[in-house]
Amino acid sequence: MIEVTAGWYLSLAAVLFSIGLLGILVRRNALIMFMCVELMLNAVNLTFVAAGRALGNLEGQVAVFFVLVVAAAEVVVGLAIIVAIFRRRESASVDELASLRG
Amino acid sequence: MTDAIWLVIALPLAGAVFLHFFGRRLGEPLAGIIGTLSVAASFAVGFAAALPFIVEEGAHGETVMLWEWMPAIGANLEIAWDSLAAVMTLIITGVGTLIHVFSIGYMHGDERFARFFTYLNLFIASMLTLVLGGNFAMVFMGWELVGLCSYLLISFWYTKPSAAAAGKKAFIVNRIGDFGFMIGLMLVFTNFGTLAFDGVFERVPEILDEGTATAIGLLFLVGAAGKSAQIPLYVWLPDAMEGPTPVSALIHAATMVTAGVYLVARTAPIFEAGPNAGLVVAIVGALTALWAASIAIAQSDIKKVLAYSTVSQLGYMFIAVGLGGYIAGIFHLMTHAFFKALLFLGSGSVIHGMHDEQDMNKMGGLLKKMPVTGITMGVATLAIAGIPPLAGFWSKDEILGVAFEYGGVGIVLWVIGLVTALITAFYMTRQWFMVFTGEPRWDKGVEPHESPRSMTVPLVVLAVLTVGAGFLNTPFRLTLEHFLEPSFELVKVAHPPEGWGMFALLAAISVGAGFAGMAMAGFVYSRPREIWERFQQGFGRLWEAWAAAYRVDDIYGATLVTPGRKLSERLAFTFDAGGIDGLVNGVGRAVRSVGTRTRVLQTGLVRNYGVGFVAGLLAVVIWLVVAGGGV
């Protein structure tokens, strides 16, 4: 039986984070990019919890609560923006949102 | 009344402010009447305040503090009310009132009628600030304000390019003089630590050495030469005749141009500590007197004759105050104010009656058409020619006596004064005959007429003063002398030679010179035009030089104005446009080109920003891992 140490959890978190990061860089759909951001946030949450457990204190879990709350607020605002953009442009592709090009 | 002395300045100032806001609505002639009344009221207050000096001979003046402005440097709003200030105040407000009355008639029909009186009232207030100020700061303030009013009034008809140019010329030439005056004030301040008269004049002997006093005196002379139109800064005054004639009478004959004489008289202790400066003042005055008189001979513009005559007469006053004859100088200032204001107003009446004709060649035979103007101007002509017992005789003779008594250089100045007296008598008589006698040479359609009452009454009043003012200070009864003496306690005032024999001799010589000039002019100019034209041609090139005022304007133009303009152009179009602007534009261009090159980085695509973000993140992580965060 293999013992599941903190290292495993951290590795999983790193993998999840990388997937999210890659998704943000390669996808154009604003909604997908948004989900990738969520993925990255939760990967970080996982490292918090794992580290907290490994170190034997609660601070990591407290931090996770804060992240969850902020992420929820972010989702509300972000989705609202995406919906507003979709209504105007009939598209959720971020490449079309380049009016700030210099 | 001394406590209410501030009213003297406040009344005309209030008039100016009031007319500025409501003058247009009041219209003609109400605005003029209000302007006149404010000056007349100022005269009344001044007269009441001057009574103590008249009643009690030798009464001392006092300084009235109105408001502490900058006590640390002695620059407060304070009024030095002594007999000298009283004389100046009465001349300014008295002659000013008459000229205001005259202007009501003269400016009739002008669309900026009310504005004219606004400026006149402002001028009276400024001039009174100059002569009543109890410290150099106030004098300087008045000095600049009268310059401003002079500018505004010379270019009153600013749509005429020549009037606009004359106003600018007067202002700029005066600035040159003011510069000297200002440096003089700084020297006074560095030496005395205060600008208040009380703290300066009494301490002159203990503080100023002769060199410093001479320097201050000469710098004051620069200022006085600018304001009082002396060599080499006199060129603005003849051009100032572009202004309305009452302005010429008030500002450029009776009051403002005498500010330089007043300044020298007021700062007499400084000139006494540096007598060489005084001597220079007198020499400048004598040269100006002769120079300007010779130019006046050949002028054909009625006002130009009077303008050069004014420059010349101011030269007389400078001779007097330069040699220490302060009372003689102020006496001539006063009589000159009367007869020259009369001459200018008379010429204004002629110009008015001739439908704005100023060329004496186109006049002639006006005595029948304009008797009041003709006779009063005749009186003034006799006065300025120095014929007894008119005012000009007494004051001019006192100045010549002072010069004679001085001896040495004074004798030279006396001779110059005598020659000038002869020339003065000549050109003034010439003017009178050319304008008032002989065949009419009017342009077609010109129908001369006597001016309205509002213009002739001031002429008559001034004629009475011209006859009578001389008796204020005759060797028989020195009323003005005793009146002014308390103001000149700190200095030794120069006097004409003592004794009746000397008086009679000097008077006989100068009256002889006056009669000779008048006789010559009368002999030539009472005859038909062909005769005096041949007489003028007899002078050849000399007459042309006089008529062209020695081409001084051209010389100044070639030596000063044109190089100055070239320098300014080079500074403006080469140095400023190329150098300064190039630097500023270069900085702008550099920033812009950096911006142009870097703007491609801003693609507006989120993923590009994302890549940059991740690349940065990776760099930080690698740095942390490899270098351990620099720890």
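The mean number of partner chain beta-carbon atoms within 10 angstrom of a residue's beta-carbon across peptide B:595-604 is 3. Cα centroid separation, the stretch A:1-74 to the stretch B:1-54: 91 Å. Ordering of A:66-74, B:583-591, B:358-366 by packing is B:358-366, A:66-74, B:583-591, highest average first (other Cβ atoms within 10 Å, averaged per residue). Using the Cβ-Cβ distance between B:MET502 and B:HIS482 with R0 = 25 Å, the FRET efficiency computed as 1/(1 + (r/R0)^6) comes to roughly 0.75.
Applying a DSSP loop filter and a limit of 11 other Cβ atoms within 10 Å to the chymotrypsin sites (Phe, Trp or Tyr not before Pro) in the stretch B:438-478 leaves B:PHE476. Distance from the Cα centroid of the stretch B:560-581 to that of the stretch B:314-355 is 42 Å (rounded to whole angstrom). On the beta carbon distance between B:VAL591 and A:SER99, with R0 = 30 Å, the FRET formula returns roughly 0.80. Taking 35 Å as R0, compute the FRET efficiency from the Cβ-Cβ separation of A:SER18 and A:ASN57 and round it to 0.05. It comes out at approximately 0.80. Take B:450-460, A:50-60 and order them by the average number of nearby Cβ atoms within 10 Å per residue, most first; the result is B:450-460, A:50-60.
When the pairs B:LYS340/B:LYS566; B:LYS396/B:LYS492; B:LYS169/B:LYS368; B:LYS340/B:LYS362; B:LYS227/B:LYS492; B:LYS304/B:LYS492 are compared against a 32 Å limit on Cα-Cα distance, B:LYS340/B:LYS566; B:LYS169/B:LYS368; B:LYS304/B:LYS492 fall above it.
The Rg/Rh ratio of the stretch A:6-101, with Rg taken over Cα atoms and Rh as the Kirkwood radius over Cα pairs, comes to 1.09. Peptides B:254-266, A:8-20, B:592-604 ranked from most to least packed, by the mean per-residue count of other Cβ atoms within 10 Å: B:254-266, A:8-20, B:592-604. Relative to its residue count, the protein assembly as shown spans a Cα convex hull of 296 Å³ per residue.
Evaluated at q = 0.07 Å⁻¹, a Debye calculation over the C-alpha positions of chain B (equal weights, vacuum) places log10 I(q)/I(0) at -0.46.
None of the figures in this text is laboratory data; all of them are computed from the coordinates on show. In this text the structure is predicted, and so the values were computed from the model without any measurement. Because the Cβ atoms are built from the backbone with ideal geometry, glycine has one as well, and the counts that use them run over all protein chains shown.
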